[in-house]
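Here's the structure, in structure tokens; my notes come after.
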Amino acid sequence: MGLAATQARFLGITARKANCEFQSMQIAQQKLSLTRELEKATQEYQSALNASKLIWDPDGSGENTYDLSYNIMMTPSAVNNYAPYMISARDGKIVLNSKMAAAAEAAGIPKSGCNPNADSDMYIKFLNYMVKFGGMSQSHADSCKAVGLLENIGLGAPMLDKTTASEMGINDLIAYVDLLITNKDSSSAEDRKLAESLMFGFGKDENGDDLWVYKEGSSTDKVNLNFKSSINNKGDANSNYFVKNGSITQDTEFDLTDLLTNDITFAMTGDKVKASFWQKLGAGILSVFTAGFAYNAILDWINKSESSVDLEHCSIQEKALVTFLNDLANGLGNLFDLENASDTEVQAFAYAMQQTIAILGTSKDAGSTKYSTTAFNNAVSGANDYNGWVSKAATRNKNYGTTAISLSNLTESFLTFYAQGLNGYDHTYYINGDVSNSNYVTDDPYYMWVIGDPSAETTMDMYVAEFYSALFNNICQNGWVENEQIDDKEYLSNSLLNAQYFISSMSSDNHYYQDRYTENGYVAEVADDDAITQAELEYTMKKSKLNSKEEELDIDMQQLDLEISALSTEYETVKQMINNNVEKTFTMFSS
């Protein structure tokens, strides 16, 4: 081979060898890059092993858990025990999703809050718009409207005891009875019977007919209450009036909720109260309970032959009031399930009846006035200030005085005596002659009443109504802010974990307080098994791909190494040939 050809071959080998070495260097760089990718994937996988998430643990067992979501906390259900757990910002404002925020804005709730200016009308608007924008169901809205706004729920008043559903504050008790009565026609026979026992008709017998008594000295001539609807300046002798919230009315039908939320008064002109009758009745009633008679045995006792109280020949007013007390005792006894009550509860109820009748054995003389209409109005007005009878006499001839009794005060006194008996006859609650010196248990929203076997359907309506009342009251008190992303579970968890948002929940004092997610007893941070599994799958797949790529590069590297080795050998051979040719040429020309 000639020198020129040999040199050309040498240059080709050199170029090929350089190219292979360059490719080998590139493969080495790729393998280094793969090592870095694998290292990064390993670090991400190790981090994922520590991944956590927030869960909702309703019973604290860790066995029946749910991924934390806005819906779980802000929709009434057994999972949240029918109490709202509200997401709140650092400034205390309630965080609402787009649906609830639209309802709050449409209802006119200011973002800065409006407490104490929130009212029932705004609440109804809020419910209507919640349904319209998809924030709640129509059935839940109907339940809330049937109960009405519970103004103190979430702001200090106790919620229903969800363990037995038999303990409730006075506001819930009133709403519960109101629901029973409203739904009585479509409810079970047992619920209907309870509801009807809590409905009264003053001056009516158990059949709803007018009460009658014989005129004094007669065994044939009977009279009834004959309620009047107005009174003139000259007065109406021997007439009776039924007054609701200061207005005379002939509608004498009412229920327990009316007694506890309105001023219902009975007034009579001309006739006087016989203290001896009530004193005799009180002593007799005490013996009824001592002998073990049922809680509603007042009329039964009176009708016994040994009774010295004759309702047929007493005044019609006395008979009407005794009948009312019997009906009231019957209704309350049914409500508190005294048939299955303890001895303590029965004794407390007997004490309440005896003490209530004792009130009727006394009267307050409010003096005299010039006109009978004034006497009437003053007596009725005064009855709202006293727990017993209030008398106002008229001084002119043929102008008759008025004696009045507040049936509402009488009912609240009865319940107060009952609570007093249940609590060991202490003086936390007490009744004196006038309202200002009395401390009614019905004025205490925190006192819990125990009722018997509550209606499941009615109780469920109460649960839902309490939930949305607490939510509405807190939105109005603290204000609100919209966050369209709050429905996203991952966003919600991260916001709570990073302390961007907090959870406001009800404390033991029945107020809502803001705190970290770990403080409410339901939310817990746990290992995110799903995220760990997903990370493991991703790591395995990525590692497999990297390993496969690395194997390909190793094969390419081996091939290049073999080629470089062969080229190196050929390179040395050709190089030696060139050297020999050069040496031979110089030797030839030198000689």
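The values are calculated or read from the model by the stated rules, or taken from the named source; none is laboratory data. Just so you know, these numbers come straight off a predicted model, no measurement behind them. With ideal geometry, Cβ positions are generated from the backbone for all residues, glycine too; neighbour counts draw on all protein chains shown. Just the protein is used for accessible areas: all its heavy atoms, side chains included, with ligands, DNA and RNA removed. Shrake-Rupley method; radii C 1.70, N 1.55, O 1.52, S 1.80 Å.
Quick notes on this structure:
- Scanning the range 384-398 for residues that are β-branched (Val, Ile, Thr) and modelled with pLDDT under 70 turns up just one, Thr395.
Quick grid of which residues meet (1) open to solvent by less than 70 Å² (accessible area, probe 1.4 Å); (2) modelled with pLDDT of 70 or more; (3) not polar (S, T, N, Q):
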residue: Met1; (1), (2), (3): no, no, yes
residue: Gly12; (1), (2), (3): yes, yes, yes
residue: Phe22; (1), (2), (3): no, yes, yes
residue: Leu38; (1), (2), (3): yes, yes, yes
residue: Asn50; (1), (2), (3): no, no, no
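- Restricting the search to strands (runs of 3 or more DSSP E) fully inside the range 210-274 and requiring at least 1 residues that are in contact with a Leu (Cβ under 6 Å, 6 or more places away or on another chain) gives 239-244, 253-255, 264-269.
- When Glu482, Glu412 are checked against the criterion of being within 19 Å of Leu260 (Cβ to Cβ) and modelled with pLDDT of 95 or more, Glu412 stands alone in meeting it.
- If you go through the range 428-444 and pick out every residue that is aromatic (Phe, Trp, Tyr) and part of a loop (DSSP other than H, G, I, E, B), you end up with 2.
- Residue satisfying all of: in the range 234-257; surrounded by 13 or more Cβ atoms within 10 Å (Cβ to Cβ) and at pLDDT below 85; farthest from the chain's Cα centre (by Cα) among these: Lys234
- Members of the range 475-503 found to be assigned to a loop (DSSP other than H, G, I, E, B), in contact with a Phe, Trp or Tyr (Cβ under 6 Å, 6 or more places away or on another chain) and either touching a residue at least 60 places away in the same chain (Cβ under 8 Å) or among the charged types (D, E, K, R) (or both), listed by number: Ile486, Asp487
- Single condition Ser508 does not satisfy, out of (1) closer than 29 Å to Leu160 by Cα; (2) open to solvent by 50 Å² or more (accessible area, probe 1.4 Å); (3) touching a residue at least 24 places away in the same chain (Cβ under 8 Å): (3)
- Summed over the range 77-99, the residues that are open to solvent by less than 10 Å² (accessible area, probe 1.4 Å) and not hydroxyl-bearing (Ser, Thr, Tyr) give a count of 7.
- Selected residue (only one of Gly388, Gly333, Gly401 is more than 44 Å from the chain's Cα centre (by Cα) and either free of Cβ contacts under 8 Å to residues at least 60 places away in the same chain or open to solvent by 10 Å² or more (accessible area, probe 1.4 Å) (or both)): Gly401
- Flag for Phe467 being among the aromatic types (Phe, Trp, Tyr), touching a Pro at 6+ places or on another chain (Cβ under 6 Å) and either open to solvent by less than 20 Å² (accessible area, probe 1.4 Å) or in a loop (DSSP other than H, G, I, E, B) (or both): yes
- Tallying residues that are of a type in the set (Ser, Thr, Tyr), over 18 Å from Ala5 (Cβ atoms) and at pLDDT 70 or above within the range 541-591 yields 6.
- Asp172 within 23 Å of Ala419 (Cβ to Cβ), assigned to a helix (DSSP H, G or I) and out of contact with any Leu (no Cβ under 8 Å at 6 or more places or on another chain): no
- Residue match in the range 383-390 (condition: within 29 Å of Asp509 (Cβ to Cβ) and among the β-branched types (Val, Ile, Thr)): no
- Test result for Leu537, at pLDDT 70 or above and either open to solvent by 50 Å² or more (accessible area, probe 1.4 Å) or polar (S, T, N, Q) (or both): yes
- Evaluation of Val464 against (1) at pLDDT 90 or above; (2) more than 26 Å from Ser139 (Cα to Cα) (one fails), failing number: (2)
- Residue among Glu167, Glu196 that alone is in contact (Cβ under 8 Å) with a residue 24 or more places away in the chain and of a type in the set (D, E, K, R): Glu167
- Options Lys193, Lys111: the member that is part of a loop (DSSP other than H, G, I, E, B) and either open to solvent by 60 Å² or more (accessible area, probe 1.4 Å) or polar (S, T, N, Q) (or both): Lys111
- Sole residue being within 20 Å of Asp205 (Cα to Cα), open to solvent by 50 Å² or more (accessible area, probe 1.4 Å) and part of a helix (DSSP H, G or I), chosen from Glu312, Glu318: Glu312
Conditions (1) in contact (Cβ under 8 Å) with a residue 60 or more places away in the chain; (2) within 28 Å of Lys162 (Cβ to Cβ); (3) in a helix (DSSP H, G or I); (4) open to solvent by less than 40 Å² (accessible area, probe 1.4 Å), marked per residue:
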residue	(1), (2), (3), (4)
Asp426	no, no, no, no
Tyr446	yes, yes, no, no
Asp453	yes, yes, no, no
Glu457	yes, yes, yes, no
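- Pairs meeting the criteria (first residue in the range 212-224 and in contact (Cβ under 8 Å) with a residue 40 or more places away in the chain and at negative phi, second residue among the charged types (D, E, K, R) and exposed (fewer than 13 other Cβ atoms within 10 Å of the Cβ), beta carbons under 7 Å, at least 6 apart or on different chains) are Val213/Glu312; Tyr214/Asp221; Tyr214/Glu312; Val223/Lys215.
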